[in-house]
1. Looking at (1) out of contact with any Ser or Thr (no Cβ under 8 Å at 6 or more places or on another chain); (2) open to solvent by 90 Å² or more (accessible area, probe 1.4 Å); (3) not in a helix (DSSP H, G or I), which one does LYS447 not meet, given that it meets all the others?
2. In segment 12-39, which residues are under 60 Å from the mean Cα position of the chain (by Cα), crowded, with 17+ Cβ neighbours inside 10 Å and either modelled with pLDDT of 75 or more or polar (S, T, N, Q) (or both)?
3. Residue by residue through segment 485-498, note down the ones that are out of contact with any helix residue (DSSP H, G or I) (no Cβ under 9 Å at 6 or more places or on another chain), open to solvent by less than 100 Å² (accessible area, probe 1.4 Å) and not hydroxyl-bearing (Ser, Thr, Tyr).
4. Return yes when GLU266 is more than 19 Å from CYS242 (Cα to Cα) and among the acidic types (Asp, Glu) and no when it is not.
5. Need the failing condition index for LYS316 against (1) without any contact (Cβ under 8 Å) to a residue 40 or more places away in the chain; (2) farther than 15 Å from LYS243 by Cβ, just the number.
6. Checking the conditions here, which among ARG203, ARG190 is part of a strand (DSSP E or B), open to solvent by 30 Å² or more (accessible area, probe 1.4 Å), under 15 Å from HIS120 (Cβ atoms) and touching a His at 6+ places or on another chain (Cβ under 6 Å)?
7. Looking only at segment 270-299, count how many residues are closer than 27 Å to THR326 by Cβ and open to solvent by 40 Å² or more (accessible area, probe 1.4 Å).
8. Before we move on, is SER610 in a helix (DSSP H, G or I), of a type in the set (Gly, Ala, Ser) and touching a Ser or Thr at 6+ places or on another chain (Cβ under 7 Å)?
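The values are calculated or read from the model by the stated rules, or taken from the named source; none is laboratory data. Keep in mind it's a predicted model, so treat the numbers as computed, not measured. Positions of Cβ are generated from backbone atoms using ideal geometry, with glycine treated the same way; all protein chains shown enter the neighbour counts. Note: accessible area is taken over every heavy atom of the protein model, side chains too, but ligands, DNA and RNA are not part of it. Shrake-Rupley method; radii C 1.70, N 1.55, O 1.52, S 1.80 Å.
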Amino acid sequence: MKTDNSLILKTIINLANSLNEQCVVIDKDNEIVFVNEVLITENIHLDILNTNSNLKIVLDANSQWQIKVKNIIKASFELKLTESEDYKLLILFDSKDQYKQDVFLNNQMFDFIPDILSVHDLNFNVLYYNTAGLDFLKLKKNDEIGRKCYNLIGRTSECDNCSVKKSIKTGNIVQTTRYFPDFKKWFDIRAYPIKDENNNVWRVIEHLRDVTIYKENEIKLHDIEEQRSRLIGNIPGIVYRCKTDKFWTMIFMSQETLNITGYTSEDFIRNNKLTYNEIIHPDDRKYVYSEIKKSTSINHNFIIEYRIITRKNEVKFVWEKGKVVTNRNGEEYIDGVIIDITDRKKVEVELAVNEEKYRLLVQNQNDLIIKVDKHGRITFANEKYCNVFGKTEEELLNKNFISFVHEEDKEMTSKTMTELLLFPHTCYIEQRALTINGWRWLAWSDKAILNKNNEIIEIIGVGRDITEKKTHELALKNAKDKAEHDEKIKSEFISNAYKNLKLPIDSIISASHKINDAKCNSILYGDVLRAALTINSLIDGFSDIIMANKKVVNQEKFDLNDVFTSLFNIFKNNAHNQNIKFDFIKVADTSSVIISDKTKIHNILLHLLSNSFSNTVESEISFGYNINKEKLILFVKDSSKTTNTMSLSDFNAITIDTVCDTVENLEQIDLILVKLYAEYLGGCMKIIKGEGGSTEFYVEIPVTQFSPNNMSMSESSLPNIDLSSITVLVAEDEIINFHLIKT
């Protein structure tokens, strides 16, 4: 950055006047250009001081005063403040007087300067901040002394690219521009080394000038220029500014000039090698000049098409749009853009020959036919297309076809159309379009028209309505997805069901081996029988779930006490082994004979008891029933404190239609089957959490209570067959069969 010497000199003189020490300013030839009043008052008469408007001292080279000052300098210690290569500030005092060396740090010499000034020692300790610096850092006088400069701005280590550090290291003035995010400011930073009599750096003065406004404006200007360059560079044509003279003298032309004309933009600027008017086709020059002048005279935009002759002597068609603008000096220019339309013009000429035949052909088609240019703008639409979209051809021309396409299909459409760039330059697209009848599915077969350079100049699309076909396809896909989902769920369900069946099956196998190898006892028999019944019930339950639409309820007469007694005998051994108090609560003064599905009621109780025994150890379990107004209430109560993994709300939400979606909760299969069995029989299941963690399970089922008064004729007329004299022959020698017969 070039330094203004007059500004530097003015700053040094101001610094010298602010000091209470004897100061001299000398130039690069060691000639004295200024002395401050302290030096004049103490050594010289004031009347020899002569200043001009630039604050520079003009001295007679032969004056005794100048000689005397030089003698003082030689006799005193010199402290040099290197401000530039052109000027130096000398502070004169006795080199043995340390107080004198530091005195300039304790005065107000920099307070009149609005910029931030500070003095640092070689360890980055701050020795002084002027008023502007204290105000900026919100410090009081002397708060800064002895503190690290970087600590004062919230850092724990030296700043990157530190000017003070570089100045100490090199002994030179260091200048840089930095941005401080914490303060959101840009500063021009200069570090001035102060040297002792041995020319070693002793102190550093740091000068910070707030240049935020200038820097932000510079950044904005750079961004604007960069955006302008990108914008112009992406325009597929020549962006220009020219004078309104007969030569169209160019002031600016973009780099696209070379691609279109074969000449560089520099060839045209200020008519360096030729004028733009020279490349306009001779037959079109008068027309171009007339049309542009006609529009600019009334301050209107102009749009014209004409021919140019390139450097290779090729004739090209160009499209130009521009407008007259006036700068602040009142000078008129034309700003505009020139685009090569040669390919389009050639196609137009070629198509014009067969235009009528082409129209007759496409207008009588039942398919939708359109032509679009390489930018997607419609250049032709047949009658069918116009009718589908409820527009006239005039309304559709130059309108981009993508505006009719559904928002979700636009990206796919654009991506698919890139296939037109590759051989055979065709593509197929199915998309939704907003027609006069709302959103419809249209299938398009597109074909690209290329010029001799294999560049796309136009696209012909033939389309037809496939809404009904698409609707059927979507319906089939949804059905397929649902079938695959259901199959997956059933597979997972069967897999988990197998895991639940595996445990009782293993128990039967183990118990069977023990019964075969040892003497049979009732405990082993109970385990086997319970496992067998559990497997049988689970299989029935899984079958009922899978055959959800074919519910089968068998009505028969039976005694409830038989069912309860049988289950009590099965589970009493488990109760003994698990140290559980197990009770069957019978209801007196009521008939226990009912008409209902015995198997499902048996399975309900079996699964309720299995659930309680699985979650209860060293506690109490009781079960029983009650019949109230043709409603059978079955219950199982346990004092288990075990918390089920499934919440009551989730459990209550399970139905026969949703149980397969709950495969992850099959560890609760006992309760799930109870709930489903209850719903099969037209009843419901309730779970009540009692105080202290106990749980009560209730199943309410509508039943018919049996008595002699409601016995049907067919039942009362059944013959009473005596089977007491019948002998049963068992042709097996397995021990388990004998126990079954005994039971």
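1. (1)
2. At the first step, the residues of segment 12-39 found to be under 60 Å from the mean Cα position of the chain (by Cα) are 12-15, 18.
Filter once more, keeping what is crowded, with 17+ Cβ neighbours inside 10 Å: 12-13, 15, 18.
Hits for segment 12-39 are ILE13, SER18.
3. Just the residues of segment 485-498 that are out of contact with any helix residue (DSSP H, G or I) (no Cβ under 9 Å at 6 or more places or on another chain), to begin with: 485, 487-488, 491, 498.
Adding the requirement that they be open to solvent by less than 100 Å² (accessible area, probe 1.4 Å) leaves 485, 491.
Within segment 485-498, just HIS485 meets the criteria.
4. Values: more than 19 Å from CYS242 (Cα to Cα): no; among the acidic types (Asp, Glu): yes.
It is false that GLU266 is more than 19 Å from CYS242 (Cα to Cα) and among the acidic types (Asp, Glu).
5. LYS316 satisfies every listed condition except (1).
6. On the way: ARG203 fails: touching a His at 6+ places or on another chain (Cβ under 6 Å).
The conditions single out ARG190.
7. Total satisfying the criteria: 15.
8. Details: in a helix (DSSP H, G or I): yes; of a type in the set (Gly, Ala, Ser): yes; touching a Ser or Thr at 6+ places or on another chain (Cβ under 7 Å): yes.
Against the criterion (in a helix (DSSP H, G or I), of a type in the set (Gly, Ala, Ser) and touching a Ser or Thr at 6+ places or on another chain (Cβ under 7 Å)), SER610 qualifies.
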